[in-house]
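See structure below.
Each reported figure results from applying straightforward, stated rules to the coordinates on display, with no laboratory input. Just so it is clear, the structure is predicted and the values come from calculations on it, not from any experiment. Cβ placement follows ideal geometry from the backbone for every residue including glycine, while neighbour counts extend to all protein chains displayed.
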Amino acid sequence: MKYFETVHERNAAKITTLIAVLIVLLLFIAGTTYLDPPLEYGVAVNFGTTDYGSGNIQPTKPIKSQPKKVVEQPKVEASKKELSSPSKTKAEDVLTAEDQEAIAIKKQKEAEAKALAEAERKEQLRKEAEQRRIREEAEKKKKLDALIGGVSNSEGTETGGEGPDSQAGDKGQLDGSPYAPYEGLPGSGAGGVGYGLNGRGKPNYTLFEGCENAYGLVVVDIVVNQKGNVIEANPGVKGSTNVTSCLKEVAKKIAMSYKWPQDLKAPTRQYGKVVVNFTSTK
């Protein structure tokens, strides 16, 4: 049987054989070296049987070690048996449940006592606040009574009264000031004068003549100090009728002549009115 039919096949076989022979030769000539015994790797450890030792002779076999002292552990078998006893475990479970229930009841009682104490504390604070409010109102009323001359109620024991009306009484309000002006105008007779200044008693004044054959009603706004003197006068304000410059001048002189009793409790500037009614001489 013929294996290589062509020239190329024969040449390829020759070349392959030559290459194989060269590889085998290279393996023999430049192959890897082998050491017997082989090199050791890692860290060498000395032969021995313990973690300690002394002396200069290295034994080749394990040496006999000193007897070790054995420390006996206390026997707890009975305790273990007691702990593992079903009856005791059951009793402990019952005690634990009872303790938990007692603790829960104790906590509940403590919470209730705390809530009750807090409610009592709030109630006490409320009562104290209410009492403080009542005291403050009483003190305010007392100061107001002292400020307005001791007026406390309409059913008191004082006699007399004040007001521009014809009916007897003390015109005003309980929480008002005795020095406050009335609404409306003070009365005045024909050919006379009237005044409106509260809480100052009866004044003295001087009449002045002038403006013959003139008549009219002159209303004068006045300001009175604590000494009872008129320090300002403005004639001819609202309510005046048939006012002339002459009547205004005479009315102002009459108003400035007013003198009330001194009152150091009165306002430093108390406002009031004076009404002068001029009638014709014909």
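So here's what we get for this one:
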{"read-out": "Total formal charge among the other residues, if their Cβ is under 14 angstrom from that of ALA104, Lys/Arg +1 and Asp/Glu -1", "value": "-2"}
{"read-out": "Long-range amide H partners of ASN198 with built H, under 5 Å", "value": "none"}
{"read-out": "For PHE28, PHE208, PHE4, order by how many other beta-carbon atoms lie within 10 Å, fewest first", "value": "PHE28, PHE4, PHE208"}
{"read-out": "Amide H contacts under 5 Å for PHE208, placed H, 5+ residues apart", "value": "none"}
{"read-out": "Least to most buried among SER245, SER240 (fewest other Cβ within 10 Å first)", "value": "SER245, SER240"}
{"read-out": "LEU22, LEU217, LEU144, LEU264 arranged by Cβ crowding within 10 Å, fewest neighbours leading", "value": "LEU264, LEU22, LEU144, LEU217"}
{"read-out": "Hz values of 3J(HN,Hα) by residue in the stretch 229-237 - Karplus curve (6.51, -1.76, 1.60), Gly and Pro given as x", "value": "8, 7, 9, 9, 8, 10, x, x, 7"}
{"read-out": "For GLU232, distant residues with modelled amide H under 5 Å away", "value": "VAL223"}
